[in-house]
Structures are given as structure tokens and as C-alpha cells.
Amino acid sequence: MSKSLQAIRGMNDILPEQTPLWRYFEGTVARLLDNYGYRQIRMPIVEFTELFKRSIGEVTDIVEKEMYTFDDRNGDSLTLRPEGTAACVRAVLEHGITGGGQVQKLWYIGPMFRHERPQKGRYRQFHQIGLEVFNLAGPDIDAELIVMTWRLWGELGLRDAVKLELNSLGTSESRGRYREALVEFLSAHVDKLDEDSQRRLKTNPLRVLDTKHPETQAILVDAPKMADYLDDESRAHFEGLKARLDAVGIPYVINPKLVRGLDYYSKTVFEWVTDKLGAQGTVCAGGRYDGLVEQMGGKPTPGVGFAMGIERLVLMLEALDKVPEELARQVDVYLCAFGEAAELAALALSERVRDQLPNLRLQINAGAGSFKSQFKKADKSGALYALILGDDELAQQVVGFKPLRGQGEQQSIAWDALAAHLATCVVQG
Ligand code: ATP
Ligand code: MG
């Protein structure tokens, strides 16, 4: 196929075989967030480029090299959103829903776009579920975010496969003091740093901590530690968070090198990581960003949030064999009709049944092939039962009711009794 008729590299179709698992995952998260009192917000996929530069920061990987940016027909520079926080902050400011100190607990879901090198768990269009909380400054809400994800891992059967890493970046003042100390230390070793780190040392020195380069990592062993520079308030905040995680029994490790890629974080940062996905190990990441709203033109407004990568979590569910069995079966009952008159009757009958059993997954296959081929399709659909309606059944106003999974003999059921009968043998989700 010519290249222009193929999907863009790193942007994937999610095929019908995969969508049940996606919907299971998304549905599980949505229900959980509803239960904790979070409300969904939907933002556009495109924003002014300036929004991301201002919020994410000019010297971050995302803004430096990952954004899909283009000119609108009227000359405005627009960008496909690489993440959700910037647009969410823009939206709450634009609608004035945090300006009076109102608490907002919001979540969103949707595609994000980053021009990265595509590989397993890393794509150019990928999907996140994220949330943001505004106007709650305490560690209790940082803890709530983590507790919710912990519950989610429990529901999905992933608790043993993920690990929580935590750090505190302090306030911007204490981080500034730390940055100075780190720059001083690294400058003394500048010749031994890898090229990326030498560049970051000038533009965004905290990111050097993030390096994957072994030699630079070795130098960092003796580098000053953020923990020694934390202000009292941040220290108390971090202790408050840890006490709450201990109270719930959520294990964590402190990772002093965890700085996150974006500029806007302060105090708490965290990542849920796994070793089940190779190099793409972070499945959920977030932190506090108390300065961001003000930086974007609003009143000082504490904020905290996270985002999880749906592709990586779906991959994990598959890799760990945590795909619920019932997802394999998308059909409960398969109705086969033979002959024109029977087809009409089958359609009317199936609609009557749906009236009474709105959650029944009933597939109708009228007019398509022989008895044998219809039966094959019924079987392949995964349905528990086949219903058969031919001329004989039509004359008697019955259907043949045939268990497909070895649950007994075929029987004849009157049309009037069909819904009631199905209600007893199909467990409806
Ligand atoms: P990484 O270090 O893996 O590049 P990140 O720090 O850039 O991640 P965030 O911006 O924090 O990622 O996004 C939150 C989550 O979104 C990540 O933890 C990951 O699960 C997912 N994610 C980020 N980038 C991608 C991508 N290109 N493809 C698939 N998932 C992604
Ligand atoms: Mg990244």
C-alpha cells in the first residue's frame, strides 16, 4: 500500500479484538474516579502552542523536540496536546471555576501526541487518563491520588507488578537553592558528563539527575541531595504524605533522583513503575504544581495531578494475563433465522426480547448462508446459546434453544416465554 494510505508511524488503530480490554480498563478507572467524587472534563485536542511553552517549560523534552506544531490557516501556531494538565489549567482559568478558591477534582481521558521514537509502550499518538485537583494544598490530597491508583491496581490485579517511587522537589525557593548547589557540583565535573547532561546543566540542571548515562550516574552518587535542601514546609508536607501511605499500607521507595520531565512540579512527585514492560516502565506519573496556575495568569492556586498511559497498562494486563475471561465473550445469544418469513419473525421477536432484557447481548444473523454456516458463526461468536427459527418454528411460534457450551439438550421455547427463559440462563452484566 502506498505510504500515504497507511497510518502515520507511531499512531495506531485499536482494532475490535483490542477494544474490549480498553473499555474494561477505561470503565474501571471511570467508575473508581466517580466513586471518589471526581468529575470529568473534556478539553480540545488542539491548543495554542504558547500554552504548552508557558506551562510545560521551554527547556523540557516535550517542548524542545516532541510537539506536533503547525500553523493554522490564519497563521496562529497550534499544537496537538502532548499532555492534559496545561489545557485543564487553561480551561479552569477561562471558566473561572477555581478563582474563588473552589475545590475542583477533575479527570480527563483522551489522545495525546508526542513526536518520539515509536517502540513498545511509546507511541506518537497515545492515550492518557489524567486528573487534576485544584485548591487543596495539604498532603492528604496527594495521598488520595496515590490511594486511588493503589485501589485501581488492586481491582486490575496489578499490585504485585508495580512499585511506587516518591520524591519531594520542595518549593521553588528551596529548589532554587538546590539547583545552585547541584550546578556548582556538576560544573566541577563537567568534562566527565555526557553531552546531553552538559547541555542540561545550562538549561535545566535538575534533569541531569534523570540521566540514563552510566558515567554521569556514577558522578551523581556524590552529588548534593534535594532532601538536604528541603524547606520546613515541604519537609512536613512530605512526612504527612508518607504517614498517610503508611496508614493505608501502601509500600513506596523514596527516589531522590525522581525529578519528572516538566518544569511545573513542586513538592510531591511520584511515579508508578513496573519492570514488566522493558524500558517503558512508568505507567502513571504525577505530582504537585502549586505555582502553575499563577504562572499561567491565575490567582495562586495549589494543584496536584497525575496521568497514566493507557497503552502501557493495557500491555501490562496482557503480559500478566490479567485480562478478565468474560471479555472473550461479547455475545450472549445468537439468533439464526432461515427463510424470508422466519427472518421477519426473528427481527420482531428479537426486538421484543430486547425490550424486556435491555442488557442482553443478542446478535441476529438472518439470511446469511446454510444452517451449518450459521451455526459455525454462532459458535465462533462465543455465544452461550443459539436460537433457531425456521419454517417449522415459525408455524408453531417457537424457537429452538440450543446450548452451545455443553449445557444440555436443545429445547423448544414459545416466543412469549423466550425473554423470561433467557433471563434465567444468561447472567447479564
Ligand atoms: P517517559 O519517561 O516514559 O517518557 P513521561 O515522563 O514523558 O514518560 P508523562 O508526561 O508523565 O510521561 O506522561 C504520563 C504517562 O503517560 C507516562 O507515565 C506513560 O505511562 C504515558 N506516556 C508518556 N509518553 C508516552 C508515549 N509516547 N507513548 C505511550 N505512553 C506514554
Ligand atoms: Mg517522555
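General observations
- Cross-link check: pairs K276/K322; K372/K402; K163/K276; K120/K380 evaluated at a Cα-Cα cut-off of 19 Å; pairs beyond the cut-off: K120/K380.
- Candidates L241, L292, L394, ranked by Gaussian network fluctuation over the chain, Cα under 10 Å, top entry: L394
- Reduced Cα scattering model of segment 329-424, Debye log10 I(q)/I(0), q = 0.14, 0.18 Å⁻¹: -0.43, -0.74
- The slack in the chain from E239 to V59, taken as 0.36 nm per residue of separation less the alpha-carbon distance, amounts to 61.7 nm.
- Computed on the chain, with alpha-carbon pairs under 8 angstrom and 6+ residues apart, the relative contact order is 14 percent.
- Linear extension gain, A341 paired with K163, 0.36 nm per residue minus alpha-carbon span: 58.0 nm
- Over segment 244-312, the fraction of Cα-Cα pairs per 10 Å bin, rounded to whole percents and listed from the shortest bin up, is 17, 43, 30, 9, 0.
- Taking the longest Cα principal axis of the chain as reference, the axis of helix 19-35 is set at about 60 degrees.
- Using the Cβ-Cβ distance between Q397 and Q40 with R0 set to 41 Å, the FRET efficiency from 1/(1 + (r/R0)^6) comes to roughly 0.30.
- K105, K65, K376, reordered so the largest accessible area comes first (probe 1.4 Å): K376, K65, K105
- Nearest-ten-degree value, helix 172-187 long axis tilted from longest Cα axis of the chain: 70 degrees
- Value of relative contact order over segment 329-424, rounded to a whole percent, pairs C-alpha under 8 Å and six or more apart: 33 percent
- Per residue, the average separation of C-alpha pairs within less than 8 Å and at least 6 apart gives segment 58-103 a relative contact order of 22 percent.
- Its Cα centre serving as origin, the chain has a Cβ charge dipole (Lys and Arg +1, Asp and Glu -1) of approximately 420 debye.
- Helix axis angle, 232-248 relative to the chain longest principal axis, alpha carbon, degrees: 30 degrees
- Fraction of beta bridges assigned by DSSP in segment 329-424 that are antiparallel (%, nearest 5): 45 percent
- Rounded accessible area per residue of segment 299-396, 1.4 Å, Å²: 50 Å²
- Rg/Rh (Cα only; Kirkwood hydrodynamic radius) as it applies to segment 1-126: 1.01
- Reach of K242 by Cα under 13 Å, taken over aspartates and glutamates that are not fewer than 8 positions away in the same chain: D140, D142, E144, E165
- If you plug the beta carbon distance of A414 and A319 into 1/(1 + (r/R0)^6) with R0 = 45 Å, you get a FRET efficiency near 0.40.
- Residue-averaged [θ]222 nm for the chain, counting only DSSP H segments that reach four residues, each worth -39500 (n - 2.57): -11500 deg cm²/dmol
- Expressed per residue, the C-alpha convex hull volume of the chain stands at 205 Å³.
- Ordered from longest to shortest, the equivalent ellipsoid semi-axes for segment 280-329 are 37, 11, 7 Å, each the square root of 5 times a Cα gyration tensor eigenvalue.
- Ordered by 1.4 Å accessible area with all protein chains kept, K267, K192 run largest first as K192, K267.
- Considering only L220, G309, P20, and ranking their Cα positions along the charge dipole of the chain that arises from unit charges at the beta-carbon of Lys, Arg, Asp and Glu, the one farthest toward the positive end is L220.
- Cβ-derived FRET efficiency at R0 45 Å, R151 paired with R354, nearest 0.05: 0.80
- Of interest is the spacing of the C-alpha centroids, which for segment 53-82 and segment 1-20 amounts to 24 Å.
- Computed from point charges on the beta carbon alone (+1 for Lys and Arg, -1 for Asp and Glu), the dipole magnitude for segment 329-424 about its Cα centre is near 560 Debye.
- Highest mobility in the GNM of the chain, judged by mean-square fluctuation with C-alpha springs under 10 Å and restricted to G240, G57, G75, is found for G75.
- Note on the chain: with a GNM built from Cα contacts shorter than 10 Å, the maximum mean-square fluctuation among V399, V259, V273 falls on V399.
- Projected label points at D222 and K380, each 7 Å from Cα along the beta carbon direction, are separated by 6.8 nanometres.
- Leading residue at positive end of dipole, the chain (Cβ point charges), from L349, T282, I146: T282
- Expressed as a whole percent, the accessible surface of segment 329-424 that belongs to carbon and sulfur atoms is 51, based on a 1.4 Å probe.
- Projecting the Cα atoms of F52, V133, H421 onto the charge dipole of the chain, computed from C-beta unit charges around the Cα centre, puts F52 farthest toward the positive end.
The values are calculated or read from the model by the stated rules, or taken from the named source; none is laboratory data. Note that the structure is a prediction, hence the values are computed from the model and not measured. All Cβ positions, even for glycine, are placed from backbone atoms using ideal geometry, and neighbour counts span all protein chains on display. These accessible areas exclude ligands, DNA and RNA; they are computed on the full protein's heavy atoms, side chains included. Shrake-Rupley method; radii C 1.70, N 1.55, O 1.52, S 1.80 Å.
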